[in-house]
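Reviewing the structure listed below.
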């Protein structure tokens with residue numbers, strides 16, 4: 001997660017963990033064993049997945 005927190009804005013990254021909350025619009029709270037980070041996931045990348 002350290003690399004994700006220092007990645008440049010707009011960078012594409014791969015994380016392994018869980019999305020634990022929908023903050024607003026395309027912003028989510030992601031969590032793994034090292035902590036939490038706010039991420040933006042564009043609708044097109046959900047590939048029609050169900051989100052609740």
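The values are calculated or read from the model by the stated rules, or taken from the named source; none is laboratory data. Fair warning: this is a prediction, and the values are worked out from it, not measured in the lab. Reconstructed Cβ throughout: ideal geometry from the backbone, glycine too, with neighbour counts over all protein chains shown.
Things worth noting here:
- The C-beta contact set for the range 12-30 (first residue part of a loop (DSSP other than H, G, I, E, B), second residue loosely packed, with under 13 Cβ neighbours inside 10 Å, distance under 9 angstrom, 6+ apart or interchain) comprises 13/3; 13/7; 17/33; 17/34; 25/40; 26/40; 26/42; 26/43.
One line per residue, one yes/no per condition, for (1) surrounded by fewer than 13 Cβ atoms within 10 Å (Cβ to Cβ); (2) modelled with pLDDT of 95 or more; (3) out of contact with any helix residue (DSSP H, G or I) (no Cβ under 9 Å at 6 or more places or on another chain):
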position: 6; (1), (2), (3): yes, no, yes
position: 29; (1), (2), (3): no, yes, yes
position: 35; (1), (2), (3): yes, no, no
position: 49; (1), (2), (3): yes, no, yes
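- Restricted to the range 12-27, and to residues there that are closer than 17 Å to residue 44 by Cβ and out of contact with any strand residue (DSSP E or B) (no Cβ under 8 Å at 6 or more places or on another chain), the residue that is surrounded by the most Cβ atoms within 10 Å (Cβ to Cβ) is 13.
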